[in-house]
Each structure stands twice: as structure tokens, then as C-alpha cells.
1. What number of residues within segment 32-70 satisfy the criterion of being more than 19 Å from the chain's Cα centre (by Cα) and either of a type in the set (Phe, Trp, Tyr) or under 15 Å from Arg210 (Cβ atoms) (or both)?
2. Can you say whether Leu159 is of a type outside the set (D, E, K, R), loosely packed, with under 15 Cβ neighbours inside 10 Å and under 19 Å from the mean Cα position of the chain (by Cα), as far as the supplied structure shows?
3. Out of segment 43-65, which residues are closer than 28 Å to Ala134 by Cβ and of a type in the set (A, V, I, L, M, F, W, C)?
4. For the subset of segment 69-98 comprising residues that are at pLDDT 95 or above and small (Gly, Ala, Ser), which member is surrounded by the fewest Cβ atoms within 10 Å (Cβ to Cβ)?
5. Do we have any residue at all in segment 115-134 that's at pLDDT below 95 and either surrounded by 18 or more Cβ atoms within 10 Å (Cβ to Cβ) or assigned to a helix (DSSP H, G or I) (or both)?
6. Just wondering, is there one or more residues in segment 161-181 that are touching a residue at least 60 places away in the same chain (Cβ under 8 Å) and out of contact with any Lys or Arg (no Cβ under 6 Å at 6 or more places or on another chain)?
7. Would segment 204-224 turn up any residue that is of a type outside the set (Val, Ile, Thr), without any contact (Cβ under 8 Å) to a residue 24 or more places away in the chain, part of a loop (DSSP other than H, G, I, E, B) and surrounded by fewer than 18 Cβ atoms within 10 Å (Cβ to Cβ)?
8. Any residue at all in segment 24-45 that is within 22 Å of Gly217 (Cβ to Cβ) and small (Gly, Ala, Ser)?
Amino acid sequence: MTDIHEARSTILGRVEAAALRVGRSPADVRVIAVSKFQPDELVRDAWADGQRDFAENYAQDLRDRAARLVDLEGARWHAIGPLQQNKVKYVAKVASSFHALERLDVAEELSRRRVDDPIEAFVQIHLGDEETKAGIEAHDLPAFLASTRQLPGLRVVGLMAMPPLEDAEAARPWFRVLRELAANNGLPRLSMGTTADFEVAIEEGATDVRIGRSIFGPHRPRIRPER
């Protein structure tokens, strides 16, 4: 518990400093703790320390974690990895947010399976020339938004991207591109920035940052394969 508390205190301090450097309120930045592959005990410790937003990369891991930790009052679960249509049901049931929307069929399935309030979604934009990175092209965004905004069970709130892996300052121009694209399309939220570059992301307008190892420690091997 002490390690988690110290880690979160450090992260929150860095978030506050980054926001204040550019005249933003730290309260406008949501820290999402990426708990993938971590033991439930550490997630419980983070929750006890005040963390409420947690993210998983795999849909079935998200389903299982949420079921095991159903007693964590106020916990919000985020899906941040690519999503196959046949696994949409797991995300639609338990997630408050989906941070990697890039396909219309997935958007339609999320909307169809959502029972309660609409799930909030961040459209993933492909930045750079990396063929391995997911996301839609920027020029396709207006048409994609026009289609998804008709879906009652889904609410697009912002954009998400993973810039090319370099150093934090090298990511700054990409974060600016995403910020301008969101502003031009009337989207208020930006899910961008991870452990390596979240301070730069906040300086460039991030509203949601995804922090894993700086809260929980090094990545751990996955306990079971994806089913």
C-alpha cells in the first residue's frame, strides 16, 4: 500500500505541475491506472488510495477483473486496447469508456449491446507512418463521426492516439496534431500520454492520461492466454 501511495502521489504531483505550467487546472486531467497483468491486490491498494479509473487492454481480462473486484465502489473501468467484434459484449457490459474506437461495426455493436447509459468513446487516430499502429486516418474522421453520432448507445467524446515511439518531446508535434483535429471536429476530450510522455501530453491538452508502470511497477507476464 505504501508503494502505491508514494507512486500515485508522485504521479499526481507531476500531473499538477504539467497542468499549471500551461495554465490548466489539474482537475481537468483524469489519470487512468493501467492495471493490465497486475494482481488484484495492487488494484485494491490503488483503489484504497483513491484511484477510481482503471484500464485493461484485453476485453476478457476487463470482464474478469471487473467481476472479481465488483465490490470496489465507484471504480470505473476503461477498455484501451483494440477490440474484435465478437468481444464487444464484454466491454459494453462493464466499461465506462472505450479508448480505441476505429471501426464502425464495433461502434454499432457497442451501441446495440449497451444497456444503461451510452458508453463514452475515443476515436483512435493513426499518426505517423507506422503500419503496425491502429487508427483511422484523419481525413476519414468527419465521415466516421457522422455515422457514430447516430448510435444511441455510444457517445463519442474525444480522440485517442499513440504517437511513434521516440522521446517525450518528439511526441509533442503529434499531440498538437491530435488536439487541433479534436478542436476542428468539436470533440472536447483527448486520451493521450502514457508513462513515458504524459507531462508533454498534458501540456498539449490531454484530458485523459494512461499510466501503468509508474503506478503499479514493471509489467508482469500474462497469467493466461486470450480466449
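The values are calculated or read from the model by the stated rules, or taken from the named source; none is laboratory data. Only a predicted model underlies this, so the values are computations on that prediction, with no experimental measurement involved. Please note: Cβ atoms are built from the backbone with ideal geometry, for glycine as well, and neighbour counts cover all protein chains shown.
1. 0
2. Working: of a type outside the set (D, E, K, R): yes; loosely packed, with under 15 Cβ neighbours inside 10 Å: no; under 19 Å from the mean Cα position of the chain (by Cα): yes.
No; evaluated as a whole, the condition is false for this residue.
3. Kept after step one, since they are closer than 28 Å to Ala134 by Cβ, are these residues of segment 43-65: 43, 46, 51-65.
Across segment 43-65, the qualifying residues are Val43, Ala46, Phe54, Ala55, Ala59, Leu62.
4. Among them, the one singled out is Gly74.
5. Checked segment 115-134: at least one residue is at pLDDT below 95 and either surrounded by 18 or more Cβ atoms within 10 Å (Cβ to Cβ) or assigned to a helix (DSSP H, G or I) (or both).
6. Step one: list which residues in segment 161-181 are touching a residue at least 60 places away in the same chain (Cβ under 8 Å), which gives none.
No, because not a single residue in segment 161-181 is touching a residue at least 60 places away in the same chain (Cβ under 8 Å) and out of contact with any Lys or Arg (no Cβ under 6 Å at 6 or more places or on another chain).
7. Yes.
8. Checked against the condition, which is being within 22 Å of Gly217 (Cβ to Cβ) and small (Gly, Ala, Ser), segment 24-45 yields at least one hit.
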